[in-house]
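Read through the structure below, which is laid out as structure tokens, and then see the notes.
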Amino acid sequence: MSLSVDHTMQAVHSLPNGLTLVMERVPNVRSAAVCVLTPAGCMSDPADALGSSGVLADWLMRGAGDRDNRQLTEYMDSLGVQRSCAAETTFMRLSASMLSEQLPKVLPVLADIVQRPRLPDDGFAPAVDLSLQQLDAIEDEPSQKLALLLRRQHLPEPWGREVVGRREHLQALTAQKLRADYHRRFIPRGAIISIAGNIEFAAATAWVDKAFGGWQSGTPGNGSTKGDRPQRGVLHHHQQSNQVQIGLAWDSVPENSPQSIMAKTTRGILSGGMGARLFSEIREKQGLCYSVHVGYQAFKELGCFIGYAGTAPDRAQRTLDSFLVELRRLRQGAANDELQRCQIGMKSGLIMQGESSAARAGAIAFDYHHYGRPRTLDELRRQIEGVTLDGLNAWLAQTSFEPATVVTIGPQPLEVTLR
Amino acid sequence: MVEFKHAQLGNGLDVIAEINSAAQSTAIGFMVKTGSRDETPEVAGVSHFLEHMMFKGTARRSSADVNREFDAMGARNNAFTSSEVTCYWAHVLPEFLPQSLDLLADMMRPSLRQEDFDMEKKVILEEIALYLDKPAHVLYEAVMADYFGPHALGKSVLGTHESISALSQPQMRQYFDARYGPGNMVLAVTGKMDFAELMDLAEKACGHWKHLDVQRRYEQPVAAPRRRHITDPKLKRHYIAMMCPGPSAQDENRYGAQVLADVIGDHDGSRMYWALVDPGLADEVDFSFYPHDHAGSFFVYASCDPARREQVEAILLNELKKAAADVADHEIQRSKTKIATGSVLGGELPLGRMRSMIARWIYNNEYKTLEEDLTRLQAIDHAEVCGVLRQYNFEPMTITSLGPPVG
């Protein structure tokens, strides 16, 4: 079945095995970008094998189909393909960017990686070793450590997981177990492949049908279920770092909520540009830190805001207090010029994204996951413009921006009173 | 199709443009040929601190105005400072070209007010502290200092807590007055635009800047085999950096050196990747070619478990030695394809083109189309790469490492 969404620029095609192909033409480029999302992110790690998706992401690239490890890498290099395979929370994301004329050669290789990885015995131990090394590397960078602790402390299982997983689980992982796990997780149902760039829909559809049509459908395994309420509250991790790392988190709406545009606009008001509130109030007016920002992180099931600041120990308390003042001030609403700046920033970001095949391939794949269809840049623009000052301020007045979780890393804990 | 235009204002400011009428956006940048290598020891870090101060307002604008105006255009904008250049850029929709040029040009003549200087000093000290918590950065600055020694390229871009604390506003003003002459700067614009309009705008915004004679001192670095381990007991990993002589940004050997660096040490699919990352001995490895202004170096970086440091270091050195003996034609061809694709993909975005074009002008005083660059890349053969290997041979090598105590 082919469902035409905007037949000149976008198209969706469903394969009988459950895989969905989403496409978008990007004008005036020579490139094409592919994004393959399989629901095999760290959320789907077995509870006793946290970190296995990260190991699998590495292992998958160590040979596929007729090509061994080295042949696979050399073949893709000879085609000039820039690629990566990485586990994320929900998905395993396999991305590739290339000159569009290479697309018919590259799609079968990506199909091999997804459907026929060799998962060689001799590649397993190095893949595990690299994941263990990443765990150590995080210990050496306090800002990365903070992100991990904050997520774990604030989000419920399995969203609070970090891809790197747990040391003892990685050490107990076996090749046999992970191979079985690959077969459970890598099924076409629920998987999405997107292509954006200089492409013809009919030809690209035929190539994808040929390369991915034979992917055997399977039954999704029992995914992880929503775990206990996360701990939240205040956590201090002692470390002799040069800067104190401050992380804040509080709940918001999921991505596919009609309110998510309000959350994105609020993020823009707080830290969209150099004139936005956090940068201006905490860095420009008080000189308290170099880096201060807020992100809105949203999944299909839940969403949250994550705030960050890094600063010297003797100024950390003032930084945290100022941060909280800014969050509490949101209730009083935004000014019209703030909203206008924020909206134009979001809109010009869209147009710039529209010039990049890789950015569009990623965006339409996630659109399909969240909304069941790709969204055009024009639709996204209208959505941004649809936020009025009254609408935003009404939303801000009824929404809490009170952090539920505060994590700090540094020599001394800070004084935090959560409301 | 793209079209290149160049014109010079009466005061010596070069204006270069790559016009692409199919582009959806426009990128605009000023690059100044100044960086930490142009600083005297008393003002270490002033180039980078000044870069921050350029956002702090002018005779016409307050610091908040500058930030607000960028936001009001929906601009993606930033600045960076290296040891050799300082660059200010904005990526905007084409209709904002006049406004963004007016703003950026005005910023190039800053007020440098004392109260802003005092406030921003705190931010700079935070940035220094931030990077002290990043082992890769600490090590990079250390190996640059070890390799270049007293040469100006050995200086830290950020400066130190002490040098920044001691820096005064008049010292910064003096540095600005000596370095930010229009003849030492270039204005570059890529994407959709009208060049005649651009020149009118540039004349109006920058034409009154006074010409200034600005020189950079060139000395040849004296490379020598050096070794140092920096102990940091709280680190879990061992970080290795190496540096040895390479071609400069002006040397014709730079093309072959770029291909050679990819063959030996690209993050994926290179010789060092297969020798270290694939077997899981190091989680990260990189061998790069750093072309500087009339100097150049090759740079090695790896991180590993402390217990494997000797093994990893020996493998890195062995890979360099082996490459000199047996680099093969098929590897060179593959690397050329990788580099070519990277250039084409990067060149699709006006910002990517602007950044490569503006640096090319500063370092080489020339413009090349993407196609010309690709043709030059295609011409690189085995003999050319071997010529680079023979001439540089990766010696003498400075080795600096960072991690828990060794031995």
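The values are calculated or read from the model by the stated rules, or taken from the named source; none is laboratory data. Quick caveat: nothing in here was measured; it's all calculated off a predicted structure. Don't worry about glycine lacking a Cβ; one is built from the backbone with ideal geometry, like all the others, and counts go over all protein chains shown.
Listed by position, the helices (runs of 4 or more DSSP H) inside region B:311-395 whose residues that are within 14 Å of chain A (Cβ to nearest Cβ) and loosely packed, with under 15 Cβ neighbours inside 10 Å number at least 1 are B:329-347, B:370-378. For region A:346-391, the candidate set comprises residues that are in a loop (DSSP other than H, G, I, E, B) and within 14 Å of chain B (Cβ to nearest Cβ); within that set, the residue that is modelled with the highest pLDDT is A:Ser356. Every condition in (1) in contact with a Leu (Cβ under 8 Å, 6 or more places away or on another chain); (2) more than 14 Å from chain A (Cβ to nearest Cβ); (3) not charged (D, E, K, R) is met by B:Leu276 except one, and the failing one is (2).
Test B:Gly387 against the stated conditions and say whether it is out of contact with any Lys or Arg (no Cβ under 6 Å at 6 or more places or on another chain), at positive phi and either outside the structural domain of B:Val344 (by TED's automatic domain parsing) or not polar (S, T, N, Q) (or both).
On the way: out of contact with any Lys or Arg (no Cβ under 6 Å at 6 or more places or on another chain): yes; at positive phi: no; either outside the structural domain of B:Val344 (by TED's automatic domain parsing) or not polar (S, T, N, Q) (or both): yes.
Here the answer is no, as B:Gly387 does not meet what is asked.
Applying the criterion of being touching a helix residue (DSSP H, G or I) at 6+ places or on another chain (Cβ under 6 Å) and in a loop (DSSP other than H, G, I, E, B) to the residues of region A:42-53, the residue that is nearest to A:Ala202 (Cα to Cα) is A:Asp45. The set of residues from region A:119-128 being more than 14 Å from chain B (Cβ to nearest Cβ) and either over 22 Å from A:Leu37 (Cβ atoms) or in contact with a strand residue (DSSP E or B) (Cβ under 7 Å, 6 or more places away or on another chain) (or both) is empty.
The numbered conditions (1) within 20 Å of the chain's Cα centre (by Cα); (2) within 14 Å of chain A (Cβ to nearest Cβ) are all true for B:Gly149 except (2). Residues that are of a type in the set (Gly, Ala, Ser), surrounded by fewer than 23 Cβ atoms within 10 Å (Cβ to Cβ) and modelled with pLDDT of 95 or more do not occur anywhere in region A:27-36.
What are the residues in region B:196-222 that are in a loop (DSSP other than H, G, I, E, B), of a type in the set (Lys, Arg) and over 26 Å from the mean Cα position of the chain (by Cα), if any? Result: B:Lys210, single match. Scanning region A:289-318 for residues that are touching a helix residue (DSSP H, G or I) at 6+ places or on another chain (Cβ under 8 Å), more than 13 Å from chain B (Cβ to nearest Cβ) and over 20 Å from B:Asn78 (Cα atoms) returns A:Tyr296, A:Ala298, A:Lys300, A:Gly303, A:Cys304, A:Phe305, A:Ile306, A:Gly307. Screening the candidates B:Gly265, B:Gly296 for the property of being outside the structural domain of B:Leu153 (by TED's automatic domain parsing), under 24 Å from A:Asn69 (Cα atoms), among the small types (Gly, Ala, Ser) and without any contact (Cβ under 8 Å) to a residue 60 or more places away in the chain yields one hit, B:Gly265.
Can we say A:Ala359 is touching a helix residue (DSSP H, G or I) at 6+ places or on another chain (Cβ under 6 Å), within 29 Å of A:Ser280 (Cβ to Cβ) and small (Gly, Ala, Ser)? When the stated conditions are applied, A:Ala359 passes them. Evaluate region B:15-31: report whether one residue or more is over 24 Å from B:Leu370 (Cα atoms), in contact with a strand residue (DSSP E or B) (Cβ under 6 Å, 6 or more places away or on another chain), assigned by TED's automatic domain parsing to the domain that holds B:Pro150 and crowded, with 17+ Cβ neighbours inside 10 Å. No, the conditions are met nowhere in region B:15-31. Can you say whether B:Asp251 is assigned to a helix (DSSP H, G or I), of a type in the set (Asp, Glu), more than 23 Å from B:Gly29 (Cβ to Cβ) and touching a strand residue (DSSP E or B) at 6+ places or on another chain (Cβ under 9 Å), as far as the supplied structure shows? Criteria not met by B:Asp251. Pick from region A:263-288 the residues that are in contact (Cβ under 8 Å) with a residue 60 or more places away in the chain and of a type in the set (Ser, Thr, Tyr): which of them is farthest from the other protein chains (Cβ to nearest Cβ)? Looking at residues that are in contact (Cβ under 8 Å) with a residue 60 or more places away in the chain and of a type in the set (Ser, Thr, Tyr), I get A:Thr266. Residues of region A:47-85 that are surrounded by fewer than 17 Cβ atoms within 10 Å (Cβ to Cβ) and touching a residue at least 60 places away in the same chain (Cβ under 8 Å): A:Ala47, A:Asp48.
Of the strands (runs of 3 or more DSSP E) lying entirely inside region A:167-259, those carrying at least 2 residues that are surrounded by 21 or more Cβ atoms within 10 Å (Cβ to Cβ) are A:192-197, A:244-252.
Specify the residue that is modelled with the highest pLDDT; the eligible residues are those in region B:21-44 that are in contact with an Asp or Glu (Cβ under 8 Å, 6 or more places away or on another chain) and within 14 Å of chain A (Cβ to nearest Cβ). Filtering first and then ranking leaves B:Ser25. For region B:104-127, a tally of residues being without any contact (Cβ under 8 Å) to a residue 40 or more places away in the chain and of a type in the set (A, V, I, L, M) returns 1. Condition check: among the small types (Gly, Ala, Ser), within 14 Å of another protein chain (Cβ to nearest Cβ), in a strand (DSSP E or B) and closer than 14 Å to A:Ile195 by Cα. Does A:Ala32 satisfy that? So A:Ala32 passes the test. Selection of region A:347-374 for residues being hydrophobic (A, V, I, L, M, F, W, C) and more than 19 Å from B:Pro350 (Cβ to Cβ) yields A:Ala361, A:Ala363, A:Ile364, A:Ala365, A:Phe366.
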